[in-house]
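Down below is the structure, laid out as structure tokens.
The values are calculated or read from the model by the stated rules, or taken from the named source; none is laboratory data. None of these values were measured; they are calculated from a predicted model. Don't worry about glycine lacking a Cβ; one is built from the backbone with ideal geometry, like all the others, and counts go over all protein chains shown. Only protein heavy atoms, including side chains, enter the accessible area calculation; ligands, DNA and RNA are left aside. Shrake-Rupley method; radii C 1.70, N 1.55, O 1.52, S 1.80 Å.
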Amino acid sequence: MSEQDNLALAELLFPNVTTTPEEMEALYPVRELPEGAKVTRMAPSPTGFMHLGNLFGAITDERLAHQSGGVFYLRIEDTDQKRAVEGGVETIIRVFQEFGLPFDEGATIDGDNGKYGPYRQRQRAHIYHTYAKDLVRRGLAYPCFCTEDDLAEMRKQQEAEKANFGYYGKWAVHRDMPLDQIKENLAAGKEYVLRFRASGDGIQRFKLKDLVKGDLDMPVNDQDVVLLKSDGIPTYHFAHVIDDHLMGTTHVVRGEEWLATLPIHVDLFRALGFKIPKYVHTAQLMKMDGSSKRKLSKRKDPELALDFYRAEGYPVASVKEYLMTLLNSNFEEWRLANPTAELDQFKFTTNKMSTSGALFDLDKLRDVSKNTIAMLPAEKVYEEVAGWSKEFDPQLHELLTRDQAYATAIFQIGRGGKKPRKDIAVWSEVKSYLDFFYDELFVPGGDYPEHTSREDILAILEGYLPLYDEGDDQNAWFDKITNLGVSLGFAAKTKEYKQNPDAYKGHVGDVSMVLRVAITGRTNSPDMYDVMRILGKDRVVERIENAINRIKSK
Ligand code: GLU
């Protein structure tokens, strides 16, 4: 088609578009940012399903931007209405808020915030149409009237010829349709999509550096992809290129599933005369399934959904900490050297990102989480558990908040010091960890040491009743238990007992175990000195008395 025909076609297809790319450029001026500042974005579709992959990318985006004094923004990619769900945008915003990944600009609960909006693609139709019209004018886009059936037929033929699928080369049948024929089709009311005139011939190649994948050598795009669907809505390919350009994105962080279509995007950036951003294609999250690795799947793996972590009560800090171990290979080493440093003090770099699948392992996350929780102050643990239980365990919430000081004292046990206790991995385990501190949850019973006789158990419990004094320090407390044991024929030290087992009924550990079972109903508990002090004398005495009665009544 001649230049003139192109201009005529542009008017025919977009009679109402009067804006020009230059005007758009003026509306979205280049950002004034310090040298080296990176601009990144999260660009999710509002499907209502937020998954680990989103978080993985968002942490990368957020770190790259905020470490460099740049901007991290949220753009809603809502062009595909079939995928959009009611409340999807709110879910996205809530999740990133919860995970402590603050956006500097973009979509918010109450509209948009920032100068580069609108930040929701459906509100940007006029912008896409402006560029689409310009591409038509320059002969770089054209209408294609192929129906679904035509395309299905084409696909069959391609299959038979063992040709690549798609709309390219000789298969791009409407590429050079004369203007008159286009006019006829339009007059007949035929539906059309707007396609891009690709620059590649299927042979040429180009080079590009991806910040994770390294040097890429790929075929120049030869696919005449759809830019605007028949309803005028842009495809992802077209919309994101325009948005990332106008919004000044410097680094496009996205999952490696987009790598295959990178040639299309590069071709579009070039055709539109835009500078190509840096690409950061992040590795897929994988998991072990038996002895083989596979991609995490929405259908099979509940742990893919971010809601899973919320419901289980994984602290945000744990999930972020663990994802960081997957994101940067030198993170764990840094953490060992800086056990108490804030996560944000770690220098995140794309150089240390893994190029192939990152192996996600829930057990590893649990370990990381135990460590993370062990480092939190008791007040923070209280606050987090109170927040979690409010939504997921109202009974626990009621018990904890009824006496904040009491609950905090429980969380204080074994905290601080060189070797903090690591018994809690998720907030949903807290209840069974501390149930015996609350009469409402306490289940009496539990197994006394097998080799301790009924008489000795009773003697220990009855003998201890008059001894417990809340004023004792840990040494005095322990001496009383030891002395009681010795008076009943137990060895004061495990070693003594082991050297001469026939001379004793057991050792001091058995004596404490009897007390532990009577008071907590279990054989495993945090430090009994702390436990008794928190429970208070009345309750210690009451539980021992009840235990005595239970044994006697059997
Ligand atoms: N809307 C795309 C998605 O949800 C975004 C990909 C990108 O970040 O460019 O996967």
Determine the order of Leu227, Leu186, Leu27 by accessible area, beginning with the largest, at a probe radius of 1.4 Å. Leu27, Leu186, Leu227
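Taking N as the number of residues in the stretch 377-435, what is its Cα Rg relative to 2.2 N^0.38 Å?
Details: Rg = 10.9 Å, N = 59, 2.2 N^0.38 = 10.4 Å.
It is 1.06.
Antiparallel DSSP bridges in the chain: what percent, to the nearest 5?
Values: 22 of 38 bridges.
Taking every DSSP beta bridge within the chain, about 60 percent pair in antiparallel fashion.
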Across the stretch 414-554, what fraction of all alpha-carbon pairs, as a whole percent, falls in each successive 5 Å bin from zero upward? 2, 9, 19, 21, 20, 15, 9, 4, 1, 0
Which of the peptides 232-244, 260-272, 497-509 is most tightly packed, and how do the rest follow, judged by the mean count of other Cβ atoms within 10 Å per residue? 232-244, 260-272, 497-509
Between Leu259 and Glu440, how high is the FRET efficiency from 1/(1 + (r/R0)^6) when r is the Cβ-Cβ distance and R₀ = 60 Å? Nearest 0.05. 0.60
Taking the Cα centre of the stretch 8-78 as the origin and placing charges on Cβ (Lys, Arg +1; Asp, Glu -1), which of Thr19, Gly69, Ala8 is farthest toward the positive end of the dipole? Gly69
With DNA, RNA and ligands ignored, accessible area of Thr108 (1.4 Å probe; Å², nearest 10): 40
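Using alpha-carbon pairs under 8 Å, 6+ residues apart, how would you state the relative contact order of the stretch 365-519 in percent?
About 20 percent, as a whole number.
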What dipole magnitude, in Debye to the nearest 20, does the stretch 220-321 give about its Cα centre under +1 on Lys/Arg Cβ and -1 on Asp/Glu Cβ? 240
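Expressed in whole Å with the largest first, what are the equivalent ellipsoid semi-axes of the stretch 114-227 derived from the C-alpha gyration tensor as the square root of 5 times each eigenvalue?
Numbers: eigenvalues 138, 122, 37 Å².
Result for the stretch 114-227: semi-axes of 26, 25, 14 Å.
Tell me the GluC sites (Glu not before Pro) within the stretch 413-468 that lie in a loop according to DSSP and have at most 15 other beta-carbon atoms within 10 Å. Mind showing how you got there, number by number?
On the way: sites: Glu429, Glu440, Glu450, Glu455, Glu462; in loops: Glu440, Glu450.
Here the sparse-neighbourhood loop sites are Glu440, Glu450.
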So, taking all protein chains as they sit and a 1.4 Å probe, how much accessible area belongs to Glu148, in Å² rounded to tens? 150
Have a look at the stretch 174-245 and give its Rg and Dmax from the Cα atoms, expressed in angstrom. 16.3, 50
Keeping all protein chains in position, work out how much accessible area Met154 exposes to a 1.4 Å probe, and write it in Å² to the nearest 10. 20
Cα-based equivalent ellipsoid of the stretch 277-330: semi-axis lengths in Å, sorted from largest, via gyration tensor: 20, 18, 12
Can you work out the PRE-style zone for Thr19? Point 7 Å along Cα to Cβ, and I want the residues of the stretch 227-246 with backbone N under 13 Å. 243, 246
The long-range amide H neighbours of Asn221, using H built 1.01 Å from N in the peptide plane and a cut-off of under 5 Å, are Gly200, Asp267
Cα Rg, Dmax, the stretch 1-123, angstrom units: 17.9, 56
Taking every pair of alpha-carbon atoms in the stretch 41-200, give the share separated by more than 29 Å as a whole percent. 43
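Treat every Asp and Glu Cβ in the chain as -1 and every Lys and Arg Cβ as +1, leave all other atoms uncharged, and give the resulting dipole magnitude about the Cα centre to the nearest 20 debye. Provide the component values of the computation, followed by the final result.
Details: 72 positive and 86 negative charges, 230 e Å.
I would put it at about 1100 debye.
Could you tell me what a quarter of the Cα convex hull surface of the stretch 241-339 works out to, in nm² with one decimal place?
Values: hull surface 38.1 nm².
Result: a mean projected hull area of 9.5 nm².
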Contour excess over end-to-end distance, with Cα ends at Ile548 and Leu465 and 0.36 nm allotted per residue: 28.8 nm
The stretch 275-289 - phi-based ³J(HN,Hα) in whole Hz, Karplus 6.51/-1.76/1.60, Gly and Pro as x: 6, 7, x, 6, 9, 10, 8, 7, 5, 5, 7, 10, 9, 7, 10
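Do me a favour and compute the ellipsoid semi-axes for the stretch 508-552 from its Cα gyration tensor, root of five times each eigenvalue, largest one first, whole Å.
Numbers: eigenvalues 50, 39, 12 Å².
Result for the stretch 508-552: semi-axes of 16, 14, 8 Å.
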What order do Ser512, Ser292 take when sorted by accessible area (1.4 Å probe), most exposed first? Ser292, Ser512
Using alpha-carbon pairs under 8 Å, 6+ residues apart, how would you state the relative contact order of the chain in percent? 11
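Starting from the exponent 0.38 and prefactor 2.2 Å, build the expected Rg for the stretch 117-174 from its residue count and divide its actual Cα Rg by it.
The reported ratio for this selection is 1.54.
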Round to the nearest 0.05 the FRET efficiency obtained for Glu11 and Ser354 when R0 = 35 Å and r is the Cβ-Cβ distance. 0.10
Placing each pseudo-label 7 Å from Cα in the direction of the beta carbon, Asp530 and Lys419 end up separated by a distance in nanometres of 1.4
Which Rg and Dmax, in Å, describe the Cα atoms of the chain? 33.3, 111
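Step by step: find N for the stretch 172-307, compute 2.2 N^0.38 Å, then divide the Cα radius of gyration by it. What's the final number?
Details: Rg = 19.0 Å, N = 136, 2.2 N^0.38 = 14.2 Å.
This ratio for the stretch 172-307 stands at 1.33.
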Starting from the alpha-carbon convex hull of the stretch 337-418, give the projected area averaged over all orientations, in nm². 7.8
Ignoring ligands, DNA and RNA, how do Lys300, Lys82, Lys364, Lys170 rank by accessible area with a 1.4 Å probe, largest first? Lys82, Lys170, Lys300, Lys364
How much FRET efficiency would the formula 1/(1 + (r/R0)^6) give for Phe478 and Ser329, where r is the Cβ-Cβ distance and R0 is 45 Å, rounded to 0.05? 0.45
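Under unit Cβ charges (Lys, Arg +1; Asp, Glu -1), what dipole magnitude, rounded to 20 debye, does the stretch 66-113 have relative to its Cα centre?
Working: 4 positive and 10 negative charges, 34 e Å.
The dipole of the stretch 66-113 has a size of about 160 debye.
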Based on alpha-carbon centroids, what's the gap between the stretch 376-409 and the stretch 464-527 in Å, whole number please? 32
